[in-house]
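Nothing in this text is a laboratory measurement; each read-out follows from the coordinates by a stated rule. From a predicted model like this one, the values you see are computed outputs, not experimental measurements. Because the Cβ atoms are built from the backbone with ideal geometry, glycine has one as well, and the counts that use them run over all protein chains shown.
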Amino acid sequence: MTDLAQAHILALEALESGGGSAVYNLGNEQGHSVREVIDVARRVTGVELVL
């Protein structure tokens with residue numbers, strides 16, 4: 001998880017220094033459905049997300 005956070009920090013630093021926007025795949029070769037991500041977010045936060 002820290003790799004993902006570090007990637008976001010690097011992207012923000014690049015934008016702050018005048019760099020342009022870009023799209024990067026930060027995946028780990030293990031795909032997850034939107035439903036799986038929402039279910040984990042519900043479990044971790046204890047908040048029922050409305051779709």
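Just subtract the alpha-carbon distance of residue 36 and residue 15 from 0.36 nm times their residue separation and send over the number in nm, one decimal.
Residue separation times 0.36 nm, minus the Cα-Cα distance, leaves 4.5 nm.
Quote the charge dipole size of the chain about the Cα centre in Debye, to the nearest 20; the model charges only the Cβ of Lys and Arg (+1) and of Asp and Glu (-1).
180
Rounded to the nearest 500 deg cm²/dmol, what is the calculated helix-only ellipticity per residue at 222 nm for the chain, with -39500 (n - 2.57) per DSSP H run of length n ≥ 4?
Computed ellipticity for the chain at 222 nm equals -17000 deg cm²/dmol.
Out of 47, 30, 19, whose Cα points farthest toward the positive end of the dipole of the chain (charges: +1 Lys, Arg; -1 Asp, Glu; placed on Cβ)?
47
What's the angle, to the nearest 10 degrees (0 to 90), between helix 34-45's Cα axis and the longest principal axis of the chain?
Around 80 degrees separate the two axes.
For residue 26 and residue 5 in the same chain, what is the full-extension length gain: residue separation times 0.36 nm, less their Cα-Cα distance, in nm?
Between residue 26 and residue 5, full extension yields 6.5 nm more.
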